Amino acid sequence: MAMSEFSRRIFIFGGAAAASAVVFLSVNKMGSFALADRSEQSVQNGPVMIVEFGDDGRRVGIVKREKVRRTADEWCTRLSLDSYRVTRHAWTESPESGELTHEHRAGIFRCICCDSALFDSKAKFESGTGWPSFWEAIATENLYEKMDATLGMVRREVKCTLCDAHLGHVFADGPDPTGLRYCMNSVALRFCERKVA
């Protein structure tokens, strides 16, 4: 085969591969947009209604709050690098790396970014996945879900209603009574031990 013929084939196949990659990325992005929940728009604009809880786990009540908004620099100064990457850029911590994975004391798990109550230890279970897992949220108002079609799969992303922090994902393979598994990142949470009077 002549060198010019070889170069021509490389050019053709290389161009086809590049075009395929562009098409794949475009379709993936459009698919993510098409699958996104339309209700998410209203959730993100605030103000929002959340349920407040004391550190003792008692429900204080439903309150109206303005969304917590900060610049990237402000988040960076308030959060560890791992917490920033996970909550603000939807990274995922390595399995078994989080301090709260095997936390079994009674208490409340709060958002590391805004301190909103997210989960009660009563709903925590050992899923064997390497991440803190819960079968229900402390209050449905305090979380919202959106479709996540990244990494070639469709999942339900879980976010904090008050500050839009990425917390993890929810799956339909959990225990009774809900059948759900909220698979959360430890670095997205802050644990408050329940004080018994």
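The table that follows gives values for the structure above.
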read-out: Residues of region 70-85 satisfying the condition of being within 17 Å of the chain's Cα centre (by Cα) and not in a helix (DSSP H, G or I); value: 79, 80
read-out: Flag for residue 49 being of a type in the set (A, V, I, L, M), modelled with pLDDT under 95 and assigned to a strand (DSSP E or B); value: no
read-out: Residues satisfying the stated conditions in region 52-68, i.e. under 18 Å from residue 144 (Cα atoms), free of Cβ contacts under 8 Å to residues at least 60 places away in the same chain and outside any strand (DSSP E or B); value: 66
read-out: Positions within region 172-192 being surrounded by fewer than 19 Cβ atoms within 10 Å (Cβ to Cβ) and in contact with a helix residue (DSSP H, G or I) (Cβ under 9 Å, 6 or more places away or on another chain), in sequence order; value: 178, 191
read-out: Residue within region 20-33 that is within 22 Å of residue 184 (Cβ to Cβ) and modelled with pLDDT under 50 present; value: yes
read-out: From the options 193, 136, 157, 145, residue that is touching a residue at least 40 places away in the same chain (Cβ under 8 Å) and in contact with a His (Cβ under 7 Å, 6 or more places away or on another chain); value: 157
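The values are calculated or read from the model by the stated rules, or taken from the named source; none is laboratory data. Predicted, not measured: the structure shown is a model, and the values here were computed from it. Here the Cβ is made from the backbone with ideal geometry for all residues, glycine too, and neighbour counts use every protein chain on show.
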